[in-house]
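The values are calculated or read from the model by the stated rules, or taken from the named source; none is laboratory data. Worth saying up front: this structure is predicted, and the values here are computed from it rather than measured. Cβ placement follows ideal geometry from the backbone for every residue including glycine, while neighbour counts extend to all protein chains displayed.
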């Protein structure tokens with residue numbers, strides 16, 4: 001399997017693999033699918049078509065952590081935007097009274 005180097009900081013920040021990624025042409029990937037799935041457990045696998053990257057096969061664990069990181073980043077951006085908003089605020093106690101949940 002041809003290996004090509006990458007400087008994928010996002011991937012390396014989640015997983016401590018070396019900085020190269022496996023690569024396979026889409027036709028070859030069909031034939032070697034089981035092998036590529038095994039490889040994807042330890043490193044990302046680029047799938048190419050006509051010499052261009054079309055997909056990357058990654059482990060389930062990496063995928064879940066990447067999605068979580070994206071969701072966390074979106075949450076942090078929303079919090080930052082809310083803090084920058086000049087709308088009036090209410091205390092927790094005021095909100096509880098307004099919702100009829102105060103003791």
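Take the conditions (1) more than 22 Å from residue 40 (Cβ to Cβ); (2) surrounded by 10 or more Cβ atoms within 10 Å (Cβ to Cβ); residue 87 misses just one of them, which is (2). Residues in segment 57-78 that are touching a residue at least 40 places away in the same chain (Cβ under 8 Å) and surrounded by fewer than 16 Cβ atoms within 10 Å (Cβ to Cβ): 65, 66, 69.
Return the residues of segment 17-35 that are touching a helix residue (DSSP H, G or I) at 6+ places or on another chain (Cβ under 7 Å), modelled with pLDDT of 90 or more and either in a helix (DSSP H, G or I) or surrounded by fewer than 16 Cβ atoms within 10 Å (Cβ to Cβ) (or both); say none if nothing qualifies. Hit for segment 17-35 is 29, nothing else. Number of residues in segment 36-56 that are surrounded by fewer than 15 Cβ atoms within 10 Å (Cβ to Cβ) and not in a strand (DSSP E or B) equals 6.
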